[in-house]
Amino acid sequence: MAISQSVVKAFNEQLNRELFSEYLYLSMAAWFESLNLKGFANWMRVQAQEEHAHAMLFYNFIIDRGGTVALDKIDRPDQKWDSPLAAISKALEHEEFITRNINDLFDISMAAKDHAAHSFLKFFLDEQVEEEKNASEIVGKLKLIGDSASGLFMLDNELGLRVFTPPAVAGATPAP
Ligand code: FEO
């Protein structure tokens, strides 16, 4: 079944949002580097890699279904934040925004009776639960840490351990 234009349009918009997410987290990584918080910077670099993979999953899906990828300009992300807590809180807020978008895409694919798109989006619904949980846990830890420098460095060490694992979606061409 040919992909509907409503799904192509919505998926192209999501592709742009995933690329913006990559930009946002790269910007946060650079800011954490400037604070010498290498573990936070590593966590953000991995997050940016994940977002690139998410973008490419949408990119590949549109092409695989015979649609046309239409890249748009990417908004400029902020370049600094008031504190690590402010930055990670912003990341959590951004993920909540992305979750709302994925839910909207789900509705659009249902309205178009596009079951393949619907199935593809299930990965992203589950992924958003994980994305919000990860950011929320760091926000919680930063609140507990308060202004303890040793607590911040312990968390920095922990976040330095994160490694990138390419996401796999059943039935979809892998990223990139
Ligand atoms: Fe692509 Fe962070 O969701």
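The values are calculated or read from the model by the stated rules, or taken from the named source; none is laboratory data. These figures come from a predicted structure and were not determined experimentally. No Cβ is skipped: glycine too gets one built from the backbone with ideal geometry, and neighbour counts run over all protein chains shown. Remember, those area values only see protein heavy atoms, side chains included, never the ligands or the DNA or RNA. Shrake-Rupley method; radii C 1.70, N 1.55, O 1.52, S 1.80 Å.
Structure data summary
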{"item": "Mean Cβ count within 10 Å, highest first, over the residues of peptides 11-22, 79-90, 114-125, 142-153", "result": "11-22, 114-125, 79-90, 142-153"}
{"item": "HN-Hα J in Hz across region 119-131 - Karplus 6.51, -1.76, 1.60, θ = phi - 60°, x for Gly and Pro", "result": "5, 4, 6, 4, 4, 6, 4, 5, 4, 5, 4, 5, 4"}
{"item": "Helix 149-159 vs. the chain, principal-axis angle (Cα, 0 to 90°, nearest 10)", "result": "30"}
{"item": "Efficiency of FRET between ALA116 and LEU35 - r from beta-carbon atoms, R0 45 angstrom, step 0.05", "result": "0.50"}
{"item": "Within the accessible area of the chain (1.4 Å probe), percent carbon and sulfur", "result": "56"}
{"item": "All lysines inside 28 Å of LYS143 as judged from Cα atoms, apart from same-chain residues fewer than 8 positions distant", "result": "LYS38, LYS80, LYS90, LYS133"}
{"item": "In order through region 42-57: 3J(HN,Hα) via Karplus (6.51 cos²θ - 1.76 cosθ + 1.60), integer Hz, x for Gly, Pro", "result": "4, 4, 5, 5, 5, 4, 4, 4, 4, 5, 4, 5, 4, 4, 5, 5"}
{"item": "Zone of GLU130's modelled label, taken as backbone nitrogen in region 139-176 under 16 Å from a point 7 Å along Cα→Cβ", "result": "162-172, 174-176"}
{"item": "Length gained when the stretch ASP107-GLN79 is fully extended (0.36 nm per residue, less Cα-Cα span)", "result": "6.7 nm"}
{"item": "Vicinal HN-Hα couplings computed from phi for region 17-27 (Karplus, 6.51 cos²θ - 1.76 cosθ + 1.60; Hz; Gly/Pro x)", "result": "5, 5, 5, 5, 4, 4, 4, 4, 6, 5, 5"}
